[in-house]
Amino acid sequence: MNIRPEPTHDATPAGESHPAGPGDLCLGAGTVCSARYQATTPDRVLAAASWLFCHHGFQATGVDAIARRAGTAKTSLYKHFGNKDQLIEAVLEREGAAWRSWFFSEMAKVEGTAEDRLLAVFDILETWFADPHFFGCPFINALGEFDVNNARLRKILAAHKSHLNGWIAAQAEMVGVADPNDTVAQFTILIDGAIVAAQASGKPGYARQAKRLAGLLLGGRRAISGRG
């Protein structure tokens, strides 16, 4: 991901000078939709990196801090992940899979029409935003820290987004919109915008504002489709 050379200082936050307890590590970043980790060395490293990256940033977190929180040696980190770049990618893939699992399991509880399901996206997001450990989207955060032309990072993000985008397109088609791909693009703006606004303000209610706009969007799309 082209983030080296690493800083010579170890940007370890106060309180992070000792290994985390087993309970802290198994929760990773610690939100309602975070990955759950096992007691293996690779998982301890991933959990430690997840927490530090999400709470203190990718660039500011050095491998010394990760190894210390994981209670392992740096050599173990390099043995299992090669370098910090690959560790960042592994964390994003693991946390992305956990988020998708959580989101779609919550969505499976929603009853009603395809439009109801589309609007329920924002109710689920509000649950995430209201989590006291909410730190934003790790993918959006990573894009904000690294080169926007980073092909590897963009590929990982695209793979993560493809699951939700495909689902939104399928629901939009059932609603009867003229161009489901347009709905995907507009929902992306609403979802990502709500995530960033909630992270910046600490206010989960941005999800409700986005839901209101989504409702207007879907109503307008149906009207246009009906006139065709």
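Laboratory data are not the source of any read-out in this text; all were calculated from the coordinates shown. It should be emphasised that the depicted structure is a prediction, and the values quoted were computed from it without experimental measurement. Note that we place each Cβ from the backbone using ideal geometry, even for glycine, and neighbour counts take in every protein chain shown.
Numbers at a glance
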quantity: Extension reserve of the Ser101-Asp24 stretch, reckoned as 0.36 nm per residue once the Cα distance is removed; calculated: 25.6 nm
quantity: Number of Lys pairs (Cα under 30 Å; 8 or more positions apart or on different chains) in the chain; calculated: 13
quantity: Share of pairwise Cα separations in the stretch 50-95, more than 15 Å, in percent; calculated: 38 percent
quantity: Footprinting exposure proxy for Trp99, Trp167, Trp51 (fewest neighbouring C-beta atoms within 10 Å first); calculated: Trp167, Trp99, Trp51
quantity: Gyration tensor over alpha-carbon atoms, the stretch 102-221, equivalent ellipsoid semi-axes in Å; calculated: 23, 18, 13
quantity: Pair Asp179, His163: separation of 7 Å Cα→Cβ label points (nm); calculated: 2.8 nm
quantity: Angle in degrees between helix 84-107 and the longest Cα principal axis of the chain, rounded to the nearest 10; calculated: 40 degrees
quantity: Mean projected area in nm² (Cα convex hull; one quarter of hull surface) for the stretch 22-82; calculated: 3.8 nm²
quantity: Computed helical MRE - 222 nm, the chain, DSSP H runs ≥ 4 contributing -39500 (n - 2.57), nearest 500; calculated: -22000 deg cm²/dmol
quantity: Contact order normalised by residue count of the stretch 22-82, Cα under 8 Å, 6+ apart, percent; calculated: 28 percent
quantity: Acute angle (nearest 10 degrees) that the helix 180-201 long axis makes with the longest principal axis of the chain, alpha-carbon atoms; calculated: 50 degrees
quantity: Relative contact order [Cα under 8 Å, 6+ residues apart], the chain, whole percent; calculated: 20 percent
quantity: Additional length obtainable on full extension of the chain from Glu111 to Ala151, 0.36 nm per residue less Cα span; calculated: 10.5 nm
quantity: Kirkwood Rh and Cα Rg combined as Rg over Rh, evaluated for the chain; calculated: 1.03
quantity: Folded to 0 to 90 degrees: helix 206-227 orientation relative to the chain principal axis, Cα; calculated: 40 degrees
